[in-house]
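What follows is a single structure, written as structure tokens, with notes after it.
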Amino acid sequence: MLFYFTGTGNCLYAAKQLESDPISIPQVIHQENLVFEDEKIGIVAPVYGHEVPSMVKEFMHKATFKTAYFYMVLTYGNRHGGAALLAKQLCAECGIEPAYINVLLMVDNWLPAFDMDEQRQIDKKVESQLDAIKADLDEGKRIISKVTEEDMAAHQGFVDRMASQPSDAWQHLLKVTEKCIGCGICAKVCPSASMRIVDGKAVHTPGNCQTCLACIHACPQNAISLTVPEKNPNARYRNEHISLQEIIKANQQA
Ligand SMILES: Cc1cc2nc3c(=O)[nH]c(=O)nc-3n(C[C@H](O)[C@H](O)[C@H](O)COP(=O)(O)O)c2cc1C
């Protein structure tokens, strides 16, 4: 059994390589019964500020995983900042003993720092990383991937920088521009029902936004932008193996 969270398809792609029918966290998190039992149970999630998205944390806190082998694969684009160790700490808070946690370098979809056209050109050797992870999981290896002092220092630097920002700064990252035609795709790809169409225009409601950027990357009009400068405001991203319909199926609420 394998769960995943995705904004732009990287985690769904990775999850599909590891198991044939992975389960989307936004589709199960509101279910009453969150007790899961299997020989192996895994989570594939993106790294946001070196940690997993808040919805993944919430899911891990709420759910009970009855398994002898709990694993996590964390996709990131540039610097994981000790994500494996931070995930191990999260597991401990949730009463989970992880057997395996690894990181997987993929396209970085973080628009303030990266140009999606450039990111697509970089060969991050995703397939060979995935083959190695698959082999580890098949063998039932017990490894938490290595975290250096430099990784932890990078994370601490990030935490320190965030401390000077308002605590809800991340909730106000998106703005809908006049280019919006009200097609509703942003609402369909949003895993937290933070986007809806009002009077023919998309409206973003802060509060539970995961900042996954699914809406901004999927908008066919390029009508959603960030409230902070973007590296290339014209370039958007979806994993090349994943369709828009798959993102909708993974994330659509109600
Ligand atoms: C809000 C946000 C924060 C991110 N933080 C990091 C980070 O700290 N380090 C990193 O290497 N990549 C970071 N990324 C990049 C994603 O982890 C990466 O692109 C991931 O594979 C996206 O997965 P998805 O396509 O399934 O949504 C961040 C992306 C977003 C949207």
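Bear in mind that the values in this text are calculations on the coordinates, not laboratory data. Predicted model only: the values in this text are computed from it and were never measured. Cβ sites come from the backbone with ideal geometry, for glycine too, and all protein chains shown count toward neighbours.
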Problem set entry | Residues (more than 16 Å from the ligand (Cβ to nearest atom) and assigned to a helix (DSSP H, G or I)) located in segment 59-69 | Met60, His61, Lys62
For this session: Return the only residue of Gly49, Gly82, Gly95 being on the phi > 0 side of the Ramachandran plot, crowded, with 23+ Cβ neighbours inside 10 Å and small (Gly, Ala, Ser).
Result: Gly82
Exercise. What do you reckon, is Ile133 within 16 Å of the ligand (Cβ to nearest atom) and either in contact with a Ser or Thr (Cβ under 8 Å, 6 or more places away or on another chain) or more than 21 Å from Lys88 (Cβ to Cβ) (or both)?
Worked result: no
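Table: residues versus (1) surrounded by fewer than 16 Cβ atoms within 10 Å (Cβ to Cβ); (2) assigned to a helix (DSSP H, G or I); (3) within 13 Å of the ligand (Cβ to nearest atom).
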position: Val44; (1), (2), (3): no, no, yes
position: Tyr71; (1), (2), (3): no, no, no
position: Gln89; (1), (2), (3): yes, yes, no
position: Leu104; (1), (2), (3): no, no, yes
position: Leu111; (1), (2), (3): no, no, yes
position: Gln129; (1), (2), (3): no, yes, yes
Seminar exercise, completed: Taking segment 3-23 and keeping residues within 11 Å of the ligand (Cβ to nearest atom) and hydroxyl-bearing (Ser, Thr, Tyr) leaves Tyr4, Thr6, Thr8, Tyr13
Exercise. Can you pull out the residues in segment 161-208 that are within 12 Å of Ile224 (Cα to Cα) and among the acidic types (Asp, Glu)?
Worked result: Glu178
Exercise. Would you call Ala187 more than 18 Å from Pro53 (Cα to Cα) and either touching a Lys or Arg at 6+ places or on another chain (Cβ under 7 Å) or among the aromatic types (Phe, Trp, Tyr) (or both)?
Worked result: yes
